[in-house]
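See below for the structure under consideration.
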Amino acid sequence: MFECVQTIIFFGVFFAYLLQFSSASVVSTGDYNKDFFVTWSPSHVNTSVDGRARNLKLDNYSGAGFASNEMFLFGQMDMKIKLVPGHSAGIVVAYYLTSDQPNHDEIDFEFLGNVEGQPIILQTNVFADGFDDREERINLWFDPTKDFHTYSILWNIYQIVFMVDWVPIRVYRNHADKGVGYPRWQPMSLKVSLWDGSSWATGGGKDKIDWSKGPFIASFGDYKLDACTWTGNARFCREISSKNWWNLPKYSTLSSSQRRLFKWVRKNHLVYDYCQDNSRFHGQLPKECSLPKY
């Protein structure tokens with residue numbers, strides 16, 4: 001019965017997003033060659049003839065990465081990703097927004113590989129004005145190496161919502177008025193990379209990449225960048241309008257169905273939350289930990 005209810009909720013959220021996108025202003029073309037440039041190791045980047053799919057390769061010579069041509073201030077980013085199968089210990093796939101400034105802002109999805117038979121861990125993090133230490137980790141409720149799944153970042157003037165197949169897994173609210181850092185002024189580009197994180201990614205660095213099992217391939221499919229393209233005017237991107245649909249009041253918090261899914265993820269799949277790590281912060285948890293998420 002519970003699974004049936006969850007399925008109904010999921011499809012309700014999914015179709016609501018489909019309706020939202022029908023009236024939104026999408027700034028991406030769907031062609032990796034047109035919307036992104038390769039940031040490093042072009043020999044390890046393979047793009048389909050039509051530009052609709054891209055693979056990154058990691059071997060003992062190099063990883064690879066690409067970044068959006070444009071920078072954005074608020075919006076929603078969706079990308080279908082299929083992760084490295086089999087023994088992926090030490091491997092990191094990163095999908096994130098970053099401002100690349102000295103006191104930079106950043107919104108991270110990081111997929112941390114694991115030894116064969118153990119689940120890949122999804123880590124999220126938020127940097128604001130150069131400060132991070134806001135990691136959360138979950139185990140996904142499916143095998144992310146078997147098929148493509150959609151990973152989304154909704155970033156607006158009210159909140160940041162991390163979503164997996166439209167299910168909200170994390171919310172970081174704008175509590176700047178209470179002295180909490182929030183990415184709200186610096187435009188960010190979208191970046192994707194595949195790299196060697198053996199020093200920390202799996203078992204705290206205990207399990208490293210087994211290069212004999214390489215090369216390792218991460219795959220990227222359909223994507224959508226529905227955001228305010230940076231032109232130097234922050235006020236334009238902060239406007240509340242139909243074009244900037246993400247800033248409308250209805251997106252200021254999670255819907256009731258999203259809250260139920262969010263609570264389900266937190267109860268069943270959360271494996272680390274910095275807001276529960278008293279020893280790390282010596283009993284002085286960051287201020288946002290005591291403030292509401294929605």
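The values are calculated or read from the model by the stated rules, or taken from the named source; none is laboratory data. Since this is a predicted model, take the numbers as computed values, not measurements. Ideal geometry is used to build each Cβ from the backbone, glycine not excepted, and the neighbour counts take in all protein chains shown. For the accessible areas, the whole protein counts, side chains as well, though only heavy atoms, and no ligand, DNA or RNA atoms are used. Shrake-Rupley method; radii C 1.70, N 1.55, O 1.52, S 1.80 Å.
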- Message: Per residue, how much accessible surface does the chain expose to a 1.4 Å probe? Answer in Å², no decimals.
- Response: 45
- Query: Based on DSSP H runs of at least 4 residues, each adding -39500 (n - 2.57), what is the mean residue ellipticity at 222 nm of the chain after dividing by all its residues, to the nearest 500 deg cm²/dmol?
  - Reply: -4500 deg cm²/dmol
- Message: Please list, in order along the stretch 97-106, the HN-Hα scalar couplings obtained from phi with the Karplus expression 6.51 cos²θ - 1.76 cosθ + 1.60 (θ = phi - 60°), rounded to whole Hz, x for Gly and Pro.
- Response: 9, 8, 8, 6, 9, x, 9, 7, 9, 7
- Message: Which residue fluctuates most in the GNM of the chain (Cα springs below 10 Å): Arg134, Arg238, Arg280?
- Response: Arg280
- Would you look at the GNM of the chain, springs on alpha carbons closer than 10 Å, and say which of Thr229, Thr39, Thr98 moves the most? Thr39
- Cβ charges +1 (Lys, Arg) and -1 (Asp, Glu), total dipole of the stretch 89-134, debye: 180
- Task: Select from Asn268, Thr150, Ala67 the residue farthest towards the positive end of the dipole of the chain; place +1 on Cβ of Lys and Arg, -1 on Cβ of Asp and Glu, and compute about the Cα centre.
- Result: Asn268
- Task: For the pairs Lys80/Lys267; Lys80/Lys243; Lys243/Lys287; Lys146/Lys267; Lys146/Lys250; Lys206/Lys293, note any where the Cα-Cα span goes beyond 31 Å.
- Result: Lys243/Lys287; Lys146/Lys250; Lys206/Lys293
- Ignoring any ligand, DNA or RNA, what whole percent of the accessible area of the chain comes from carbon and sulfur when the probe is 1.4 angstrom? 53
